[in-house]
1. Quick one: work out the % antiparallel among DSSP beta bridges in the chain, nearest 5.
2. If you place +1 on the Cβ of every Lys and Arg and -1 on the Cβ of every Asp and Glu, how big does the dipole about the Cα centre of the range 164-313 come out, in debye to the nearest 20?
3. For the range 258-272 and the range 58-85, what is the separation of their C-alpha centers, rounded to whole Å?
4. Distance cut-off 18 Å, Cα to Cα: go down the list Lys8/Lys95; Lys56/Lys322; Lys94/Lys322 and report the pairs above it.
5. Counting only C-alpha contacts under 8 Å and six or more residues apart, can you give the relative contact order of the range 164-313 as a whole percent?
6. Can you give the % of DSSP beta bridges in the range 164-313 that are antiparallel, to the nearest 5?
7. Which whole-number percentage describes the relative contact order of the chain, with Cα contacts under 8 Å and a sequence gap of 6 or more?
8. What residue among Leu57, Asn7, Thr37 has its Cα farthest toward the positive end of the dipole of the range 1-57, where the charges are +1 on Lys, Arg and -1 on Asp, Glu, each on the Cβ?
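No lab work stands behind these numbers, since they all come straight from the coordinates. Small disclaimer: the values here were computed from a predicted structure and weren't measured. Glycine also receives a Cβ, built like all others from the backbone with ideal geometry; neighbour counts cover every protein chain displayed.
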Amino acid sequence: MKEMNRNKIEILGLMSGTSLDGLDIAHVSFDFSSEETTFKLLHNQTFTYPSELVDKLKNACDFSIVDFLKLDKELGAHFAQCILQFIQLNDIDKKQLSAIASHGHTIFHQPEQGFTSQIACGSTIAYLCGIPVINDFRSLDVIAGGQGAPLVPIGDFHLFKNEAAAFLNLGGFANISFEKSQHVHAFDVSPANLPSNILMEQLGKLFDENGAMARSGELNQTLLTQLNALSYYQKMAPKSLGTEWLNAEYMPLLSSELKTEDLLRTHTEHIAIQIALVLNDEHLPSVLITGGGAKNGFLLERISAHYSGNCIVPEKNIIDFKEALVFAFLGARYLRNESTNVPSVTGAEMSLCTGVLHLGQ
């Protein structure tokens, strides 16, 4: 790699979430020269996935090993194509970029079995783009006995700590982070957008815009009780959720004879209750909400109805690109040989500089 200014790092962060909205790219510059790290979000864009690729990603957990490996390379090539387009559209000088930090796309997440898998081949991206790539941020944490998730809290408390007492991301799953007794705590609270999107797809739509269909439904108390009784909610953190759990434990409860709008209404109430339980139990006075669910007005209303504190929704770019921005931050920390996990969050045995570097060319 070229010589790098360790205090000022310009980098691309990539995020592909379980909601399958597309690939988020954030072009960020970080300044580490003072005690408090500062950043500038220079450019950002989401590249939606072709329907053919969405279908493959949805079904990848059932693929043969050969097809799974092929998809890893295919997704890496697709990421590279999006990155090169992003660089050209925004007139970015590749020589100014220290690296690309890629979360990849999670297919398997079974830390209790000792593994997690985020595809989109880093070597493919590095070679096709001519820029070093850092990916596979989760595996080393899992090897060290951790959950490999969540990793975003390290960004929350370095980049946004003055914004709120807690940080909630409403993506495919809802995850939260907060500080308690001088330690950072974070975990997946519950499913969030993913079940809603699955239900809406049955109606030929991608998502429930602003929660309009959920708002029109009726709350079903029997289903709500069943959802709230799921054993995951009794577990102590560190803990995390994956699509395997969702398909085995959660979605079967939503396959009842109820109307779709009633399922959505009840699912939304369930999310709001679980989130508010954590916020209220921890006596957190404010929460910064990001992710796609932050645009769901009905969900925000229901969280506010159960939560005694203040819900803060930031500017649109932070709502949409905070995770990509934070993975850029993790990449920058990797380049500085600094820790990228928080053991009190993931349960790993120690702080580690996680990630794998691909030089490419």
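1. 75
2. The calculated dipole for the range 164-313 is roughly 200 debye.
3. Cα centroid to Cα centroid, the span is 33 Å.
4. With Cα atoms farther than 18 Å apart: Lys56/Lys322; Lys94/Lys322.
5. 32
6. Antiparallel bridges make up about 65 percent of those DSSP assigns within the range 164-313.
7. 23
8. Looking along the dipole axis, the top candidate is Asn7.
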